[in-house]
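> Structure provided below as structure tokens; questions to follow.
The values are calculated or read from the model by the stated rules, or taken from the named source; none is laboratory data. This one's a predicted model, so the numbers in the text were calculated from it and none came from an experiment. Here the Cβ positions follow ideal geometry from the backbone for every residue, glycine too, while neighbour counts run over all protein chains shown. The protein model used for the area step is the full one, side chains on, heavy atoms only, and it has no ligands, DNA or RNA in it. Shrake-Rupley method; radii C 1.70, N 1.55, O 1.52, S 1.80 Å.
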Amino acid sequence: MRTLDIIHKKKNGGELSAEEIKFIVDGFTKGEIPDYQMSAFAMAVCFVGMTETEVSCLTDAMMRSGDTLDLSAFGDRTVDKHSTGGVGDKTSLVVAPVAACLGGIVAKMSGRGLGHTGGTVDKLESIKGFDTTVSPERFTEQAEKVGVVIAGQSANLAPADKKLYALRDVTSTIDSIPLIASSIMSKKLAAGSHSIVLDVKVGSGAFMKDIESAEKLARTMVSIGNSCGRKTRALLTNMDVPLGHAVGNSLEVIEAAGVLKGEVKGDLYEICVALASNMVSMVNGTGIADAERDVRRVIDSGEAFEKMKEWVAAQGGDSRYLDDPSLFPKAKVAHEVVSPSDGYIAGMDTEKIGDSSSILGAGRLKAGDPIDYSAGIVIAAKTGERVSRGDVIATLFTSDAELAKRAEEVYLDALTFSDTEPAPEKLIYKVIQ
Ligand code: URA
């Protein structure tokens, strides 16, 4: 078999066999296929696409390129949730304890990643003492005892994807549905959970800017998961507006705890209920209405908040931080952004709001960059709200007044104002299973 022939076949619209796909993935992972040939292959996939069978084979080859977690001891109780990424997305912190209260086991390894804020493990590490380095023995023990464990990624999960993603990032080959779907699903399948709920974000702050492409991505991922024997569902959810009101690591932990304390309602609460209901209905085999009633009950009763504290304490975190958010270290600078005009906020370019959060120090631009846990944004007014000139519409938290000024410019540039009230936006567009 020759790499050149495989690239040529794909470029000309041919369907690759499982052997050809395995050859190219294995060869690239071992360093036998050079970057320039793999880039040409990725570009051919971007232009020509892949059949459903090819995408499944690509996912399978990448999943098998490294370790796979064996969670089979927990039967079909394990459930994972994955978001394609958005601004203010802290839903994992909420849905994991909710699912654990209702029979699920959420045992996740999570990467740190790059972005507008840190990843889930960074957010958790903003809680004093929280330890994301968990030995395999403790991982299993805590999953059984508490029902939730979220650890930093120690196992070598899907290294082929890691290497290919880095190449795609610098060759303009990220935006291909077969490549995105196989990338995400190879990691999810390697992570071992029996059920998987995918939160596919759509809008200005998401990878997928329109519903059609988000739906195509979601259908591809659901089909891969189901064909590999994992129960898989996807929700298409709105990312034209940041989720909730907090963007930033400790700020998001505080808001997530607020949902479980019954203090935070609105879009964040509703999306968490929808995601958790799907997780619970998959684990227990119940209908979505029954699952949703149970989810609302364990939130209202405070049971899920107690579970969150039990989980944080099990990983060495000081759970008093969740009861009393004033314990979190405060940012040196709190800069208020005021509305430049009267009217309705008609739109928020959510990606720009994420950029503003990065400028404040809440995220990383490259792997290994430090994160300021206390940095970020608390949004006071979102799309659809009426404001008057001079009203505080957001507070920016950072360590340096200069950063706050730069972030303010970007924040204001993200907003559009109108004299007329915009039509309310849908929160959940579709559920695909
Ligand atoms: N997230 C991933 O993990 N992979 C992609 O290709 C895109 C988003």
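> Each label point is 7 Å from the Cα along the Cα-to-Cβ direction; what then is the distance between the points at T51 and K430, in nm?
Going from the T51 label point to the K430 one covers 2.4 nm.
> Considering only K366, K90, K201, give the residue with the highest GNM mean-square fluctuation for the chain, with springs between Cα atoms whenever their separation is below 10 Å.
Judging by the Gaussian network model, the answer is K366.
> A follow-up question, please. Show me the ranking of peptides 74-84, 280-290 by mean Cβ neighbours inside 10 Å, starting with the highest. Can you show the working numbers first?
Numbers: 74-84: 21.8, 280-290: 17.2.
By packing density, highest mean first, the sequence is 74-84, 280-290.
> Rounded to the nearest 5, what is the percent of antiparallel bridges among the DSSP beta bridges in the chain?
Working: 22 of 43 bridges.
Bridges in the chain that DSSP calls antiparallel: roughly 50 percent.
> I would also like to ask the following. Accessible area per residue, 1.4 Å probe, Å², for the chain: what's the number? Write down the numbers at each step before the final one.
Working: 17670 Å² over 433 residues.
About 41 Å² of surface per residue is accessible.
> Continuing with this model, one more query. Report the calculated FRET efficiency for A401 and D369 (r = Cβ-Cβ distance, R0 = 25 Å), to the nearest 0.05. Walk me through the numbers before you get to the answer.
Values: r = 21 Å, r/R0 = 0.84.
Result of the calculation: an efficiency of 0.75.
> Sticking with this structure for a sec: Given a 1.4 angstrom probe, I'd like the percentage of the accessible area of the chain that is carbon and sulfur, rounded to a whole number. If you can, show how the numbers build up before the last one.
Details: 9150 of 17670 Å².
It is 52 percent, rounded to a whole number.
> Heavy atoms only, probe 1.4 angstrom, no DNA, RNA or ligands counted: give me E270, E409 ranked by accessible area, highest first. Working shown, then result.
Details: E270 70, E409 135 Å².
The residues order as E409, E270, largest area first.
> If the limit is 28 Å between Cα atoms, which of K188/K430; K261/K405; K188/K216; K187/K265; K81/K426; K330/K405 go over it? Mind showing how you got there, number by number?
Working: K188/K430 21 Å; K261/K405 34 Å; K188/K216 18 Å; K187/K265 32 Å; K81/K426 21 Å; K330/K405 19 Å.
Flagged as over cut-off: K261/K405; K187/K265.
> What FRET efficiency comes out for the pair E421/A334, r = Cβ-Cβ distance, R0 = 30 Å, nearest 0.05? Can you show the working numbers first?
Values: r = 30 Å, r/R0 = 1.00.
Given R0 = 30 Å and the Cβ-Cβ separation, E is 0.50.
> Mean residue ellipticity at 222 nm from the helices of the chain, using -39,500 (n - 2.57) per DSSP H segment of n ≥ 4 over the full residue count, to the nearest 500 deg cm²/dmol?
Values: 17 runs with 200 residues, N = 433.
When only DSSP H runs of four or more count, the value is -14500 deg cm²/dmol.
> Specify which residue in the list N12, T237, A100 is farthest towards the positive end of the charge dipole of the chain, using unit charges on the beta carbon of Lys, Arg (+1) and Asp, Glu (-1), about the Cα centre.
It is N12.
> What residue among V283, A401, P159 has its Cα farthest toward the positive end of the dipole of the chain, where the charges are +1 on Lys, Arg and -1 on Asp, Glu, each on the Cβ?
P159
> Which one of I353, G368, H335 is farthest out on the positive end of the charge dipole of the stretch 330-418, using unit charges on Cβ (Lys, Arg +1; Asp, Glu -1) and the Cα centre as origin?
Checked the options; the winner is G368.
> Sticking with this one: Rounded to the nearest 20 debye, what is the charge dipole size of the stretch 94-200 about its Cα centre when +1 sits on each Lys and Arg Cβ and -1 on each Asp and Glu Cβ?
Dipole about the Cα centre, nearest 20: 80 debye.
> Which of I299, I24, I33 ends up with the largest GNM mean-square fluctuation for the chain, with Cα atoms connected below 10 Å?
Result for the chain, Cα springs under 10 Å: I33 fluctuates most.
> Using a simple charge model, +1 on the beta-carbon of Lys and Arg, -1 on the beta-carbon of Asp and Glu, nothing else, what dipole does the chain show about its Cα centre, in debye to the nearest 20? Can you show the working numbers first?
Working: 48 positive and 61 negative charges, 156 e Å.
Rounded to the nearest 20 debye, it is 740 debye.
> Could you tell me the center-to-center distance, by alpha carbons, between the stretch 397-425 and the stretch 247-293 in angstrom?
Cα centroid of the stretch 397-425 versus Cα centroid of the stretch 247-293: 27 Å apart.
> With a ≥ b ≥ c the root eigenvalues of the C-alpha gyration tensor of the stretch 3-49, is it rounded (a/c under 1.5), prolate (a/b larger than b/c) or oblate?
On the way: a/c = 2.11, a/b = 1.37, b/c = 1.54.
Oblate shape, in that a/c is at least 1.5 and b/c is the bigger or equal ratio.
> Can I ask one more? Magnitude of the Cβ-charge dipole of the stretch 3-49, K/R +1 and D/E -1, about the Cα centre, nearest 20 debye? Each step should come with its number before you reach the end.
Values: 5 positive and 7 negative charges, 27 e Å.
So the magnitude is around 120 debye.
> To continue, here is another question. By the scheme Lys and Arg +1, Asp and Glu -1, what is the net charge of all other residues having a beta-carbon under 9 Å from that of D323? Could the numbers behind the result be given before it?
Values: positive: K261, K309, R320; negative: D324.
Result for the neighbourhood of D323: +2.
> Taking amide H atoms as placed 1.01 Å from N in the peptide plane, list the residues 5 or more away in sequence, or in a different chain, whose amide H sits under 5 Å from that of S83.
When sequence neighbours closer than 5 places are left aside, the close amide H contacts are D199.
> Additional query: With each pseudo-label sitting 7 Å past Cα toward Cβ, what's the K265-D175 distance in nm, one decimal?
3.9 nm
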